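One structure below.
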Amino acid sequence: GEIAGCETGTKIIVGKRCSGKTTDAIKESAATGRYILVPNRGVALNLANYAQELGLHIPFPITVREWQKGVAPNVKRRGVIIDEGLIMLEQLLGTHIHMITISEREEYKDIFTHEYLGKWVPGGGEFD
């Protein structure tokens, strides 16, 4: 995956399937102690096992359902890492997202390359 963003902002990783995006999320979680938000318990278990295989310690991932039921205030205060952001947003909203925009802001100025800006993304979010 390609990591972009600034230290105080949001890192956005864009990449094809099996390009290392989840590994990057696990490394970030291990380095910061932030929780990773995942779609369900099965994915949480897989992610925790994968982190262990990598020799990294991460907090056990939080599912969308757990997030909706409520999480400790300190988790929200510290922020989270989201793996497969579009899928997570669709689950939280309970609907398919046909289009998503991101406003250009100063802290995002170097996040996207021109290769990705304005690119049509067919099939629910994969850059294939």
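The values are calculated or read from the model by the stated rules, or taken from the named source; none is laboratory data. All values derive from a computational prediction rather than experimental measurement. Cβ atoms come from the backbone with ideal geometry, glycine included; neighbour counts cover every protein chain shown. Ligands, DNA and RNA are stripped out before the accessible areas are found, and what is left, the full protein with its side chains, is counted by its heavy atoms. Shrake-Rupley method; radii C 1.70, N 1.55, O 1.52, S 1.80 Å.
Before moving on, here are some points about what is shown:
- Taking first residues from the stretch 42-69 that are assigned to a loop (DSSP other than H, G, I, E, B) and partners that are of a type in the set (Phe, Trp, Tyr) and surrounded by 11 or more Cβ atoms within 10 Å (Cβ to Cβ), the Cβ contacts under 7 Å between residues at least 6 apart in sequence or on separate chains come to Pro59/Tyr35; Pro61/Tyr35.
- Residues of the stretch 27-41 classified as assigned to a helix (DSSP H, G or I), open to solvent by less than 50 Å² (accessible area, probe 1.4 Å) and either touching a residue at least 60 places away in the same chain (Cβ under 8 Å) or more than 12 Å from Ile82 (Cβ to Cβ) (or both), total: 2
- Scanning the stretch 10-26 for residues that are part of a strand (DSSP E or B) and not aliphatic (A, V, I, L, M) returns no hits.
- Among residues of the stretch 55-65 being modelled with pLDDT of 85 or more and open to solvent by 70 Å² or more (accessible area, probe 1.4 Å), the one that is farthest from Asp24 (Cα to Cα) is Phe60.
- Scanning the stretch 75-128 for residues that are more than 21 Å from Arg65 (Cβ to Cβ), of a type in the set (Val, Ile, Thr) and at pLDDT 85 or above yields nothing.
- The set of residues in the stretch 70-105 that are open to solvent by less than 70 Å² (accessible area, probe 1.4 Å), within 21 Å of Gly33 (Cα to Cα) and not in a helix (DSSP H, G or I) comprises Gly70, Val71, Ala72, Gly79, Val80, Ile81, Asp83, Glu84.
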